[in-house]
1. Any residue at all in the range 181-188 that's under 25 Å from ARG36 (Cα atoms), hydrophobic (A, V, I, L, M, F, W, C) and either out of contact with any Ser or Thr (no Cβ under 8 Å at 6 or more places or on another chain) or within 12 Å of the ligand (Cβ to nearest atom) (or both)?
2. Which of the residues that make up the range 85-118 are out of contact with any Phe, Trp or Tyr (no Cβ under 9 Å at 6 or more places or on another chain), within 12 Å of the ligand (Cβ to nearest atom) and not in a loop (DSSP other than H, G, I, E, B)?
3. Touching a His at 6+ places or on another chain (Cβ under 9 Å) and within 11 Å of the ligand (Cβ to nearest atom), is that true of TRP207?
4. Kindly evaluate GLY116 against the criterion of being surrounded by fewer than 23 Cβ atoms within 10 Å (Cβ to Cβ), out of contact with any helix residue (DSSP H, G or I) (no Cβ under 9 Å at 6 or more places or on another chain) and at pLDDT below 95.
5. Could you please find all residues in the range 216-242 being within 16 Å of the ligand (Cβ to nearest atom), in a helix (DSSP H, G or I) and closer than 21 Å to SER125 by Cα?
6. I'd like to check which strands (runs of 3 or more DSSP E) are fully inside the range 1-84 and have at least 3 residues that are more than 14 Å from the ligand (Cβ to nearest atom) and of a type in the set (S, T, N, Q).
7. Scan the range 78-105 and report the pairs whose first residue is free of Cβ contacts under 8 Å to residues at least 40 places away in the same chain and whose second residue is among the charged types (D, E, K, R), with Cβ atoms within less than 7 Å and a gap of 6+ or a chain change.
Amino acid sequence: MGQERRGWEGAVLRLMGARDFTFTVTDTEDLGPSFRRLRLTDGGMLAATGVHPTMWVRLWFPGTGRPHQRAYTLVDPDPAAGTLTLEFALHPGRASDWARAARPSDTIGATVQGTGFQRPDPAPSHVFAMADPASLPALNSLLDAVGGAPATIWFEGDPGAGPPPRTDPARHEVRAAPRHEAGAGLVARVREELPAPLGAAAHPYVWIACDTATTRALGGYVRRELGVPRRQVHALGYWRPS
Ligand SMILES: Cc1cc2nc3c(=O)[nH]c(=O)nc-3n(C[C@H](O)[C@H](O)[C@H](O)COP(=O)(O)OP(=O)(O)OC[C@H]3O[C@@H](n4cnc5c(N)ncnc54)[C@H](O)[C@@H]3O)c2cc1C
């Protein structure tokens with residue numbers, strides 16, 4: 001997809017030092033009705049940029065007039081082989097439509113800019129995570145990155161509906177919370193359940209990646225009302241409800 005058609009977004013990203021690559025689909029796999037996994041070659045990206053936990057790229061999906069960028073997390077990136085996997089939570093939308101129709105040899109533009117990972121310091125004694133299908137790939141990567149730390153995960157939606165959460169029942173407790181009232185249900189549940197185990201953790205680390213409004217509400221609650229220091233909280237909205 002021509003970079004010149006990416007408009008002002010593409011121009012700003014180039015000014016900020018973003019780097020552009022082309023991914024090619026090599027294999028597809030349906031994981032139930034609401035998830036699709038694609039395997040791709042990376043166009044030389046991983047060897048050039050390196051890899052870090054929860055790494056994501058901006059992908060350029062075809063749209064009327066011009067391409068539209070959406071963020072997706074790299075699953076099992078392999079710089080030596082030049083391959084990676086993407087896991088799409090499916091819903092109405094350009095990116096989902098592209099993923100549903102994707103076939104081997106299809107290509108898509110990818111831009112690397114804005115991704116990063118700050119390793120929690122001090123190392124967490126307990127991770128408290130709030131996630132949903134869109135952030136499940138990043139949650140899996142986070143759990144790998146924090147190694148042996150136990151985790152309590154509030155998962156908005158059905159954790160069994162997509163790629164398997166890479167959780168270890170000996171260390172990770174997953175509390176499924178069906179989405180209702182546009183995320184307010186999850187916020188109420190966390191407000192009710194989080195304070196006790198958080199208070200018992202010497203070095204808690206709170207990781208929040210839900211829709212933007214839910215993420216903002218949870219982040220504010222954890223920082224302001226529970227008093228968790230800012231450096232021990234990571235909150236990033238993963239999608240915007242409309
Ligand atoms: C850093 C980062 C990494 C991400 N990684 C992944 C990933 O690995 N896998 C993944 O599936 N998503 C991921 N996302 C989320 C993804 O970028 C958004 O869901 C994106 O909006 C999808 O684009 P779309 O064109 O399909 O839908 P849009 O055109 O953005 O939206 C169309 C409609 O679908 C609704 N919608 C959008 N996203 C969702 C959703 N997740 N659940 C329910 N309804 C939705 C919108 O509210 C709107 O009504 C990530 C987001 C961020 C910020």
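1. Yes, the range 181-188 contains at least one residue that is under 25 Å from ARG36 (Cα atoms), hydrophobic (A, V, I, L, M, F, W, C) and either out of contact with any Ser or Thr (no Cβ under 8 Å at 6 or more places or on another chain) or within 12 Å of the ligand (Cβ to nearest atom) (or both).
2. Correct list: THR85 only.
3. Working: touching a His at 6+ places or on another chain (Cβ under 9 Å): yes; within 11 Å of the ligand (Cβ to nearest atom): no.
Answer is no for this residue.
4. Spelling it out, GLY116 is indeed surrounded by fewer than 23 Cβ atoms within 10 Å (Cβ to Cβ), out of contact with any helix residue (DSSP H, G or I) (no Cβ under 9 Å at 6 or more places or on another chain) and at pLDDT below 95.
5. Here is the first cut: in the range 216-242, the residues within 16 Å of the ligand (Cβ to nearest atom) are 216, 218-219, 234-242.
Checking the rest, the ones that are also in a helix (DSSP H, G or I) come to 216, 218-219.
Listed by number, the residues that qualify are LEU218, GLY219.
6. Numbers: elements: 19-30, 35-41, 56-61, 68-73, 75-78.
Hits in the range 1-84: 19-30.
7. From residues that are free of Cβ contacts under 8 Å to residues at least 40 places away in the same chain, the pairs are ALA95/ARG70.
Residues are listed down the side, and each one gets a yes or a no for (1) in the same structural domain as ASP30 (by TED's automatic domain parsing); (2) at pLDDT 95 or above; (3) among the hydroxyl-bearing types (Ser, Thr, Tyr):
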| residue | (1), (2), (3) |
| --- | --- |
| PRO163 | no, no, no |
| ALA182 | no, no, no |
| LEU186 | no, yes, no |
| ALA201 | no, no, no |
| ALA209 | no, yes, no |
| THR215 | no, yes, yes |
| GLY219 | no, yes, no |
| GLU225 | no, no, no |
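The values are calculated or read from the model by the stated rules, or taken from the named source; none is laboratory data. This one's a predicted model, so the numbers in the text were calculated from it and none came from an experiment. With ideal geometry, Cβ positions are generated from the backbone for all residues, glycine too; neighbour counts draw on all protein chains shown.
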